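Reviewing the structure listed below.
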């Protein structure tokens, strides 16, 4: 599931591409924690996708937050599929960059009309942006582009007190990796081997760092790529 989360004061919007059931489960957990939330479908990778996403947000947001204001934007949507240089097609390349780079760029562009001063932008990058992984060469390139985007956002928006940071996980035990990782001790050992901490990442390892970057505790951190690979490649 690709989920992008837009969080307002006491309210959250979970944008999903296809898996409505999973998105509604996230909404349920947020509500159990005492906040209000709703899910909206947002298929990314096409021209106009960001404008459509924000139009859907605006249509629902009035009942949750005044003036459709947003405190935090988390760009979490992404395609992890990629191949090596010899096998990659132009269509695959275009799709990867459309979802992983173009969509976050224009989601932020449109979102700045709603993002409050002192707000937060958090882009979910990857350790593949700094580690040589030729088998997923185009994916790593998209995340490198996202990190550069983050750096420039931090400079551009600093006068509004808005911070922009990337968070770069390593291989993690999430649904996108479930088919080859879960229940396969050999695959898990291989995936864990680059990490100094000697294990595969868990969703909570990533989520806790995102929560920090979204909090007031991270008010003096901007333009950074926060490594969350467990020390991979040291």
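The values are calculated or read from the model by the stated rules, or taken from the named source; none is laboratory data. Since we're looking at a predicted model, the values are computed, not measured. Every residue, glycine as well, gets a Cβ built from its backbone with ideal geometry; the counts of neighbours run over all protein chains shown.
Would you confirm, using the coordinates I've provided, whether residue 230 is in contact (Cβ under 8 Å) with a residue 60 or more places away in the chain, part of a loop (DSSP other than H, G, I, E, B) and more than 28 Å from residue 71 (Cα to Cα)? Here the answer is yes, as residue 230 does meet what is asked. Just give me the residues in the range 112-137 being in contact with a helix residue (DSSP H, G or I) (Cβ under 6 Å, 6 or more places away or on another chain) and assigned to a loop (DSSP other than H, G, I, E, B), in sequence order. Of everything in the range 112-137, those that are in contact with a helix residue (DSSP H, G or I) (Cβ under 6 Å, 6 or more places away or on another chain) and assigned to a loop (DSSP other than H, G, I, E, B) turn out to be 114, 125, 126, 133.
For the range 77-96, which positions are within 16 Å of the chain's Cα centre (by Cα) and buried (at least 18 other Cβ atoms within 10 Å of the Cβ)? So that I can check it myself, show each step before the final result.
Pass one, the range 77-96, residues within 16 Å of the chain's Cα centre (by Cα): 77-81, 96.
Answer for the range 77-96, where residues must be within 16 Å of the chain's Cα centre (by Cα) and buried (at least 18 other Cβ atoms within 10 Å of the Cβ): 77, 78, 79, 96.
Annotation: of all residues in the range 39-56 being more than 10 Å from residue 15 (Cβ to Cβ) and more than 17 Å from the chain's Cα centre (by Cα), the one that is modelled with the lowest pLDDT is 55. Scanning the range 49-95 for residues that are under 25 Å from residue 116 (Cβ atoms) and in a loop (DSSP other than H, G, I, E, B) gives 62, 63, 64, 65, 69, 76, 77. For the range 172-189, filtered to residues that are part of a helix (DSSP H, G or I) and within 18 Å of the chain's Cα centre (by Cα), the residue that is surrounded by the most Cβ atoms within 10 Å (Cβ to Cβ) is 177. Does the range 195-218 hold any residues that are outside any helix (DSSP H, G or I) and either in contact with a strand residue (DSSP E or B) (Cβ under 7 Å, 6 or more places away or on another chain) or within 19 Å of residue 182 (Cβ to Cβ) (or both), and which are they? Those that are outside any helix (DSSP H, G or I) and either in contact with a strand residue (DSSP E or B) (Cβ under 7 Å, 6 or more places away or on another chain) or within 19 Å of residue 182 (Cβ to Cβ) (or both): 195, 198, 199, 200, 201, 202. Of all residues in the range 80-119, those being without any contact (Cβ under 8 Å) to a residue 60 or more places away in the chain and touching a strand residue (DSSP E or B) at 6+ places or on another chain (Cβ under 7 Å) number 5.
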